[in-house]
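The structure appears right after this line, and notes come after that.
The values are calculated or read from the model by the stated rules, or taken from the named source; none is laboratory data. From a predicted model like this one, the values you see are computed outputs, not experimental measurements. Glycine gets a Cβ as well: all are built from the backbone with ideal geometry, and neighbour counts include every protein chain shown. With ligands, DNA and RNA removed, areas are computed over all heavy atoms of the protein, side chains included. Shrake-Rupley method; radii C 1.70, N 1.55, O 1.52, S 1.80 Å.
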Amino acid sequence: MIFALGVCSSVSYFEIKKEIEVTVKEWSEKIKNCASLEELEAVRVELFGKKGFFAKEFEKLKALPKEEKPKVAKELNLAKEQLFKEIQLKKDELLAKEIDKKLQEEYIDVSLLNSKGYKGALHPVMYTLDKIIEYFSALNYSIQTGPLVEDDFYNFEALNLPKHHPARDMQDTFYFKDGKLLRTHTSPVQIRTMLSTKPPIRMISPGAVFRRDYDLTHTPMFHQVEGLVVDKAKKVSFANLKFILEDFLHYIFGDVKVRFRPSFFPFTEPSAEVDISCLFCEGKGCRVCSQTGWLEVLGCGMVDPNVFEAVEYEDVSGYAFGLGVERFAMLLHHIGDLRSLFEGDLRLLEQFR
Ligand code: DAH
């Protein structure tokens with residue numbers, strides 16, 4: 001307790017200041033002696049909580065004579081600032097200690113001989129990606145790549161997503177100061193490929209993409225595979241697209257039903273979303289498929305004429321599709337929480353050997 005309410009008018013400012021100094025020292029000591037983050041948090045609440053030390057002391061200011069108030073308030077604020085800083089420093093120290101402890105406990109000497117006979121294995125996402133690439137490579141699709149840091153033009157504008165387009169809201173994006181962005185999908189590689197080559201084109205583009213998302217089924221970084229086929233006008237049809245995707249989905253998921261649902265994407269017209277019959281309940285309806293019996297697995301459509309115009313292609317037709325690799329991996333391996341794929345925990349990875 002810094003100053004006794006009833007007598008404060010008779011107590012000089014200097015005495016109060018001294019008392020504050022002593023009290024701060026006591027609190028400092030308390031902070032220093034905290035051995036865990038929990039203890040520190042308890043002290044923080046004692047000090048700064050709604051009913052904490054400072055709240056009470058500031059309340060007492062009301063009873064002080066007018067001239068004393070600002071002076072004492074200033075001292076209290078200084079003390080508050082100092083103790084706040086001390087807590088912050090102690091917190092950093094305890095956090096660092098905790099990390100060190102964890103690192104030591106979970107330390108793995110990768111240079112040790114492998115006495116348990118463990119073999120390494122592909123990460124489930126890479127395993128799935130390999131399988132997808134295998135299918136399209138066999139059909140002579142080329143593999144194209146593009147930069148992860150993209151221009152607005154390739155990621156949005158040329159894909160028929162002009163600045164005012166409401167569909168831009170579908171993708172919450174990481175932007176850089178210079179207007180560049182982390183690509184939100186692999187579709188910009190379509191544009192890059194069309195601008196650098198002449199038709200016919202038959203390509204897929206696997207790679208990482210980024211969105212501001214984080215929950216059970218979303219991570220800020222994930223992988224997609226884009227597909228694009230372009231040839232002379234009328235040579236590429238929706239029937240071709242349908243045949244390839246059905247065959248592809250059977251290759252990946254085995255004996256499943258496949259259905260095409262009308263949908264919308266700015267870069268394709270007409271567009272469709274493709275579902276497979278639920279792998280977990282065989283279409284009867286369960287939690288994974290939200291009782292619908294179907295699982296959505298990719299988006300596709302015929303390339304929109306505006307996209308061809310942006311890359312100055314004339315008299316051509318084409319189809320495109322895009323899929324999320326993690327979604328495929330989760331379905332193939334029955335993984336419930338997408339985030340667990342990127343935590344690097346060996347206990348999870350060991351299950352996929
Ligand atoms: N780019 C879309 C996305 O990230 C996926 C996609 C849908 C790509 C349809 C396509 C397509 O090429 O035709 O959600």
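Against the condition in a loop (DSSP other than H, G, I, E, B), surrounded by 13 or more Cβ atoms within 10 Å (Cβ to Cβ) and not charged (D, E, K, R), how does GLY283 come out, does it pass? When the stated conditions are applied, GLY283 passes them. The number of residues in region 296-330 being open to solvent by less than 10 Å² (accessible area, probe 1.4 Å) and away from the ligand (no atom under 16 Å from the Cβ) comes to 1. Taking region 64-103 as the range and being surrounded by 14 or more Cβ atoms within 10 Å (Cβ to Cβ) and not in a helix (DSSP H, G or I) as the test, only LEU64 passes. If you go through region 173-182 and keep only what is within 16 Å of the ligand (Cβ to nearest atom) and either at pLDDT 95 or above or not in a loop (DSSP other than H, G, I, E, B) (or both), you end up with LEU181, LEU182.
When we screen LEU129, LEU161 for residues that are under 24 Å from the mean Cα position of the chain (by Cα), within 15 Å of the ligand (Cβ to nearest atom) and among the aliphatic types (A, V, I, L, M), the only hit is LEU161. SER263 meets the conditions (1) within 12 Å of the ligand (Cβ to nearest atom); (2) within 22 Å of ILE132 (Cβ to Cβ); (3) surrounded by 16 or more Cβ atoms within 10 Å (Cβ to Cβ) in every case but one. The failed one is (3). Within region 104-156, if we keep just the residues that are modelled with pLDDT under 90 and closer than 26 Å to PHE248 by Cβ, the residue that is most open to solvent (accessible area, probe 1.4 Å) turns out to be LEU122. A single member of SER277, SER271, SER290 is away from the ligand (no atom under 15 Å from the Cβ), out of contact with any helix residue (DSSP H, G or I) (no Cβ under 6 Å at 6 or more places or on another chain) and open to solvent by less than 30 Å² (accessible area, probe 1.4 Å), and it is SER277.
Taking the stated definitions as given, is ASP130 farther than 27 Å from ILE244 by Cα and part of a helix (DSSP H, G or I)?
Values: farther than 27 Å from ILE244 by Cα: no; part of a helix (DSSP H, G or I): yes.
Taking the combined requirement at face value, the residue does not satisfy it.
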